[in-house]
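Structure first, commentary second.
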Amino acid sequence: MEEKKACYDAVDKYVNSILPNKLYRFRACSERNLSAFYNDELWFSNGSTMNDDFDARIYYDKKRIEGRLGSLLSEEGELKAVEKLITMEQPPQKLLELIPNAEYIFKCLKEAPKGQRVDISNNLIQHLLENLDVALKDTTEQVQRITKFACFTQKICSDMMWGQYSNNATGFALEYEFGNENKITYVDNNMQTHVWGKLFPVIYDDKRLDTTDYAAYLFQIQILKGMAQSIGFPYNASWLNAVVPCPDEFMATKLAIKKSTDWKAEKEWRMFYSTDNTLLANEEHSCVIQKPSGVYVGRKISKINQKIIVDMAKEKGIPVYKMDFNEDSRNYKLKKYRLI
């Protein structure tokens, strides 16, 4: 546990050392985006809704997956994780600490006939192997759905970014200052809910991240769920992860910060959403309250939208800038000038 914490702390320390003073978020002038600006709402969406179809999408070697599924069974045909568990006199201390009903679950497993456990294990794995393409597709979609993030960029003077993400420079961009901490905690005292946002830079590469081992782990979790349902005892995520530890708890984030070099010019950062509230975690879109430190309007924004944004900014007490060509420079960069 201490080794894992030290690893996470080292990552956070590095990210904090390179975190820009300001990050920007481009928006089109829709009613929804203007309302979010007015209410200081920062919205998160899952990977399946992004404009890059590869976002948060797992890559796996199908033959290796087939081999891993077969290796999950012992010589007697029982799932190794369960076989190891029931040889113990008492449930592992970690299970007792994590799960209130661990002793009951443990007893159900030990009392289930071995033949029943073997049959269930074989049937579940055989079903997965026979329907592997469908299972892989479902797993891919599941990972994309549960990974939620908000996108930012370091580039405010890029004409390409204004054209692509601000409706051909007719929209606006919000400026955020997160200080030198990549982790932000939001607390709702009324709901007793905690939400965390963690910022990471996107890493650009020509090769997708190999997540075969992670996919095999997700399949093993599926098998354990199926066995639990067949035998008839309750289970939860903590129990499953205690029996079959995740090979890389950081994998979902690693997956979502890896993008093709085709996107490198965007210099993107992503804030990932996590919460201790199950209902919020399962939402397709989630938001936190985060006041911007400034707002920029596109050079082709309409007069009425510019007035709306300027009036909102005055109410918030934050500066407004407008983008324009820099006729004195040979670089393909816009310049900004302050409106208020």
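The values are calculated or read from the model by the stated rules, or taken from the named source; none is laboratory data. Values in this document were obtained by computation on a predicted structure and should not be read as measured data. Because the Cβ atoms are built from the backbone with ideal geometry, glycine has one as well, and the counts that use them run over all protein chains shown.
A few comments on the model shown:
- Counting only residues that are surrounded by fewer than 21 Cβ atoms within 10 Å (Cβ to Cβ), modelled with pLDDT under 70 and either at positive phi or not polar (S, T, N, Q) (or both), region 189-236 holds 6 of them.
- Answer residue from region 157-188, given it is hydrophobic (A, V, I, L, M, F, W, C) and in contact with an Asp or Glu (Cβ under 8 Å, 6 or more places away or on another chain) and is surrounded by the most Cβ atoms within 10 Å (Cβ to Cβ) among those: M161
- Answer residue from region 293-333, given it is surrounded by fewer than 12 Cβ atoms within 10 Å (Cβ to Cβ) and of a type in the set (G, A, S) and is farthest from R27 (Cα to Cα) among those: S329
- Unique residue being surrounded by 15 or more Cβ atoms within 10 Å (Cβ to Cβ), modelled with pLDDT of 80 or more and among the β-branched types (V, I, T) when the list is I65, I18: I65
- Residues in region 266-280 that are loosely packed, with under 14 Cβ neighbours inside 10 Å and of a type outside the set (S, T, N, Q): 2 in all.
- Of all residues making up region 1-17, the number that are of a type in the set (D, E, K, R) and closer than 22 Å to G179 by Cα: 3
- Only residues that are under 30 Å from S274 (Cβ atoms) and either at pLDDT below 80 or among the aromatic types (F, W, Y) (or both) were counted across region 109-134, and they come to 2.
Here is a yes/no grid of residues against (1) touching a helix residue (DSSP H, G or I) at 6+ places or on another chain (Cβ under 7 Å); (2) outside any loop (DSSP other than H, G, I, E, B); (3) under 22 Å from S302 (Cβ atoms); (4) among the acidic types (D, E):
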{"site": "G163", "(1), (2), (3), (4)": "no, yes, yes, no"}
{"site": "A173", "(1), (2), (3), (4)": "no, yes, yes, no"}
{"site": "E181", "(1), (2), (3), (4)": "yes, no, no, yes"}
{"site": "T185", "(1), (2), (3), (4)": "no, yes, no, no"}
{"site": "G197", "(1), (2), (3), (4)": "no, yes, no, no"}
{"site": "Y204", "(1), (2), (3), (4)": "yes, yes, no, no"}
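- Some residue of region 93-100 being within 20 Å of the chain's Cα centre (by Cα) and surrounded by fewer than 15 Cβ atoms within 10 Å (Cβ to Cβ): no
- Highlighted here are the helices (runs of 4 or more DSSP H) found entirely within region 15-117 that include at least 2 residues which are small (G, A, S): 31-38, 62-71.
- Residue in region 266-275 that is modelled with pLDDT of 95 or more and either in a helix (DSSP H, G or I) or more than 25 Å from D40 (Cα to Cα) (or both) present: yes
- Restricting attention to region 169-188, the residues being more than 20 Å from the chain's Cα centre (by Cα) and of a type in the set (A, V, I, L, M) number 3.
- Residue within region 26-42 that is of a type in the set (S, T, Y) and crowded, with 16+ Cβ neighbours inside 10 Å present: no
- Hits in region 193-218 (condition: within 16 Å of A252 (Cβ to Cβ) and not aliphatic (A, V, I, L, M)): W196, G197, K198, F200, R208, D210, T211, T212, D213, Y214, Y217
- Screening A150 against (1) surrounded by fewer than 21 Cβ atoms within 10 Å (Cβ to Cβ); (2) assigned to a strand (DSSP E or B) leaves a single unmet condition, (1).
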